[in-house]
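These notes are about the structure you will find just below.
The numbers here are math on the coordinates, done by the rules we state, and not lab data. Quantities reported herein were computed from a predicted structural model and do not represent experimental measurements. Note: ideal-geometry Cβ built from the backbone for every residue, glycine included; neighbour counts use all protein chains shown.
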Amino acid sequence: MIGWCVNELLVEGDEKHLNYFIRDFKYAGFEALIPVPQELEKFRYNVYEEGFDDIKKQLTEKYGTYRKSKWCSDNWGTLENCYFGGIKEVDKNKKLVFFDTELSPPDKWLIFASKRFPSLKFTLFYRDDEFWFEGMIKVEKGEVKENIWVQYTVDAIPDLLKIHGEEKLLERFKEIAEWYSEFGEERIDVEKVYKEKGFKGLIEVFFKDYYP
């Protein structure tokens, strides 16, 4: 089963450059800035094809791999182009972009995008609700300013608060409680647990089987 990353990308800065970035991303996703080579796009794995081994060798010498998914991982940080989810305008100089990716966030693409648009600041929030990890990456002018990756453990509470803030982290646990209840688990009163035991108590309630 493939794990999916839910991504929220906050982009802020020069209005003109911001609109250029959004326009191209809506149209082509990651390929707007780093397109997949057509040779890899068209390649099909067929061991019975005449000259198959030679084709693999040529592609590997040229691109470092003959597999499109490996090339995407090496250049974008994830296995294929994103599934675009929408855009929310915060103000004329700040927009949120929503999209999903396979297995991991597009960290390599993000750094490249930041180099191409040095007037913009990028903050990527991401999470995986199957393997229960999430993180935040801040990038400016191609330089990673902050990079947090956490799972839901007691030791991770400071980083979780840094990503969400107290109010949003509490809302996140309410989403988790709803998700658990949909799968037949007992509905947890998040507010009650939080008042009695804080975030430590919530993590112990929801994730004791994940991280004993």
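Give the aspartates and glutamates whose C-alpha is closer than 18 Å to that of Lys141, dropping any in the same chain fewer than 8 places away, or say none. Filter leaves Glu12, Asp14, Glu15, Asp107. State the Cα centre-to-centre distance between the range 112-147 and the range 16-90 in whole Å. Between the Cα centre of the range 112-147 and that of the range 16-90, the gap is 19 Å.
Taking other C-beta atoms within 10 Å as the exposure proxy, Lys62, Lys56 rank Lys62, Lys56 from fewest upward. Pairs from the list Lys16/Lys138; Lys57/Lys108; Lys94/Lys195; Lys26/Lys121 with a Cα-Cα gap above 30 Å: Lys94/Lys195. Largest first and in whole Å, the equivalent-ellipsoid semi-axes of the range 91-173 read 24, 14, 13, each the square root of five times a Cα gyration tensor eigenvalue. Here the ratio of the Cα radius of gyration of the range 152-212 to 2.2 N^0.38 Å is 1.05.
Each principal axis of the Cα atoms in the chain has its own extent, and those three values, largest first, are 67, 46, 27 angstrom.
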